[in-house]
Amino acid sequence: MGGVFEAPESGDGAVIALDEIEISILRSLAVQLLELIGPGEPEPDPDADPLAALFAGSDGPTEPPSDPALARLFPDAYGGPDTGPRADEAELRAHSAEFRRFTENDLRTRKRMDALAVVRSLDGLTPGGDGAAVLELTGELALRWLGSLNDLRLTIAARLDITEDDESAVLFRLPDDDPRKPMVMAYLWLGGLQETLIETL
């Protein structure tokens, strides 16, 4: 075991051996993702009317984010190339805005919880004598990792302007002195982690 997720001896969840550098990189990326997503919802007022809080909490943003990475994490629900020539653009924008208003805050909270779960599970690791620590993911934690790995790859893809898988293959052949090279290597590494975690689960 090393660098990829595998099935544990118990057969439930997934395990991976990570060295200190891998732990540091994953933690740093997850913290940056948390900063990008932004702070979570404020703690609810215990004296507030729960019904009013329910409706107040559903009033989220209606415009897509201007940051390309956030736009990739929180895309419009309607529109895009598959809507066909008959789709009314103004109507699609209105539907997307309404959908976003009721869903984006919850989606942001879930993505934040996923990234926090990654940070906390990495903080709990202690490398052994061989310099590696074994991380075991079970139940909900495995799904949170899967969600966060996906979000990290989407964010890096937006920063690298990758829209198709074929483009990542071209970027892989960048010369070592290209400033994008470390980000490309992180993107490909995260893809391997995501793929082996899916296969293991």
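Before moving on, here are some points about what is shown:
- Calculated FRET value between ARG180 and ASP88, using beta carbons and R₀ = 45 Å, to 0.05: 0.70
- Taking amide H positions as modeled 1.01 Å from N, with prolines and chain starts lacking one, the residues under 5 Å from PHE5 and 5 or more places away or on another chain are THR196, LEU197.
- Rounded, prolate or oblate (a/c below 1.5 giving rounded, otherwise prolate when a/b exceeds b/c) for the stretch 105-194 by Cα gyration tensor: oblate
- FRET efficiency, ASP12 to LEU188 (Cβ-Cβ, R0 25 Å, nearest 0.05): 0.30
- Loop-resident trypsin sites (Lys or Arg not before Pro) (DSSP state other than H, G, I, E or B) in the stretch 113-180 with no more than 12 further Cβ atoms inside 10 Å of their Cβ: ARG173.
- Scalar couplings 3J(HN,Hα) for the stretch 145-160, obtained by applying the Karplus form with A = 6.51, B = -1.76, C = 1.60 to θ = phi - 60°, are 4, 4, x, 6, 4, 5, 5, 5, 5, 4, 5, 5, 4, 5, 5, 8 Hz; x denotes Gly and Pro.
- GluC sites (Glu not before Pro) restricted to DSSP loop in the stretch 128-201 with at most 11 other C-beta within 10 Å: GLU164
Any read-out appearing in this document is the output of simple, stated calculations on the displayed coordinates, not a laboratory observation. What you are looking at is a predicted structure, and each value in this text was computed from that prediction instead of being measured. Here Cβ is always computed from backbone atoms with ideal geometry, including for glycine, and neighbour counts include all displayed protein chains.
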